[in-house]
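The values are calculated or read from the model by the stated rules, or taken from the named source; none is laboratory data. A quick note: this is a predicted structure, and the numbers were derived from the prediction, not measured. Don't worry about glycine lacking a Cβ; one is built from the backbone with ideal geometry, like all the others, and counts go over all protein chains shown. With ligands, DNA and RNA removed, areas are computed over all heavy atoms of the protein, side chains included. Shrake-Rupley method; radii C 1.70, N 1.55, O 1.52, S 1.80 Å.
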Amino acid sequence: MKVGIPRGLLFYRFYAYWTTFLKELGADLVISPPTNKLIIQRGLTYGVDEICFPVKVFLGHCHYLKDKVDSLFVPRMVSFCKNEYNCPKILGLPDVVRNLFNIPQERIIDDEINMRDRGFVGWRQGFIEIGKRFTSNVRKINHALQIAEEAHFQYRKKIANGYFPENLIDNHPMLTSYQEKILLLGHSYLINDSYINMNILHKMNTMGYSIVTSDMIDNKEIRKALKKIPKPSFWTISNEVLGSALYSIYQKDPAIKGFVHLVSFECGPDSLVGELIERWLKREVYSIPYLRLEIDEHTGEAGLITRLEAFVDMMKWRAETFESNLSSSCSSECGSGGSLSSTGN
């Protein structure tokens with residue numbers, strides 16, 4: 001069976017798991033190419049206005065694959081963390097794809113993956129149901145799961161050690177390592193799709209900074225930092241972004257000079273998380289500069305470069321003048337007469 005995997009949304013997080021599992025079951029995999037202008041145009045054509053930009057991009061990848069494969073791999077990823085959910089847009093993806101492109105039910109691999117109540121048991125049960133589409137041999141399915149789990153562990157381990165998915169998937173060269181760092185916050189499909197984010201990783205790196213993401217921070221430390229807020233959100237990725245910011249705020253690593261937060265326009269969870277991060281930064285005496293960048297289909301590269309350059313200049317100014325006692329969102333009472341926090345698209 002020829003199975004198509006759209007290169008969008010959770011693809012960058014579970015690439016090794018999904019591809020290894022399906023290959024072990026004998027699937028002939030077709031992965032859509034890196035995001036390009038035509039894929040985005042297709043997604044914008046078929047996607048409704050109200051959905052966020054990453055979902056439109058995902059739909060463009062599905063359009064690219066739908067006539068080239070026997071089945072599309074669009075599992076219903078309800079939850080991959082106990083007691084938490086994924087964003088509703090991810091939960092409903094199989095239905096959106098099926099209805100927009102008029103794809104028969106049997107041509108979409110849409111089995112439910114749900115750790116919300118049953119934890120790892122729910123995760124495994126979902127993939128066992130997927131495996132049954134390829135073979136009735138449960139032993140073979142379990143063996144494929146074991147190999148996929150190990151591949152996923154090694155993949156995530158490399159990312160934790162400084163690799164990015166595009167280094168591992170597309171053999172992109174590693175970024176240059178610098179002593180000074182920027183914490184890049186956001187969903188993996190924004191951070192790791194260089195076309196969507198206009199190659200922001202490379203841009204920040206050429207400005208003389210290494211990039212740290214949530215995937216490079218120990219998950220135990222993220223969850224520990226989340227305990228500082230009265231109640232975490234319902235969404236796993238939002239909790240990871242917020243927990244990473246809180247961890248970095250209280251760790252006070254002098255190498256981290258600022259936060260850059262990539263958000264998607266029309267993303268409800270992101271708007272909440274961004275507000276919480278800014279509020280926590282304002283509470284700190286020795287705060288960290290924070291830049292919020294909203295990305296959608298209208299975002300221009302020139303504007304993004306200008307904002308990054310201004311942010312880097314501000315970080316350097318603060319370091320040179322020892323103004324670390326200023327809050328990240330300085331009011332007009334500050335000596336500079338302007339804001340140290342920058343948001344917008």
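General observations
- Filtering the stretch 221-235 to residues that are crowded, with 19+ Cβ neighbours inside 10 Å and within 18 Å of the chain's Cα centre (by Cα) leaves ILE222, TRP235.
- Filter result (surrounded by 15 or more Cβ atoms within 10 Å (Cβ to Cβ) and outside any helix (DSSP H, G or I)) within the stretch 115-132: MET115, ARG116
- When GLU320, GLU266 are screened for being at pLDDT 55 or above and over 30 Å from GLY43 (Cβ atoms), only GLU320 passes.
Conditions (1) open to solvent by 20 Å² or more (accessible area, probe 1.4 Å); (2) charged (D, E, K, R), marked per residue:
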position	(1), (2)
ASP215	yes, yes
ASN219	yes, no
GLY243	no, no
LYS252	yes, yes
CYS267	no, no
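- Any hit, the stretch 62-82, residues being more than 18 Å from VAL30 (Cβ to Cβ), surrounded by fewer than 21 Cβ atoms within 10 Å (Cβ to Cβ) and of a type in the set (Ser, Thr, Tyr): no
- Yes/no for ILE108 being more than 18 Å from PHE11 (Cα to Cα) and open to solvent by less than 30 Å² (accessible area, probe 1.4 Å): no
- Some residue of the stretch 93-104 being in contact with a Pro (Cβ under 7 Å, 6 or more places away or on another chain) and open to solvent by less than 10 Å² (accessible area, probe 1.4 Å): no
- Flag for ARG116 being under 23 Å from ARG223 (Cα atoms) and either in contact with a strand residue (DSSP E or B) (Cβ under 7 Å, 6 or more places away or on another chain) or modelled with pLDDT of 90 or more (or both): yes
- Pairs with Cβ under 9 Å, 6+ apart, first in the stretch 27-43 and under 21 Å from PHE134 (Cα atoms), second open to solvent by 40 Å² or more (accessible area, probe 1.4 Å) and part of a loop (DSSP other than H, G, I, E, B): ALA27/MET1; ALA27/PHE134; ASP28/MET1; ASP28/ASP70; VAL30/LYS68
- From the options ILE169, ILE159, ILE141, residue that is within 25 Å of ASP70 (Cβ to Cβ), under 19 Å from the mean Cα position of the chain (by Cα) and among the aliphatic types (A, V, I, L, M): ILE169
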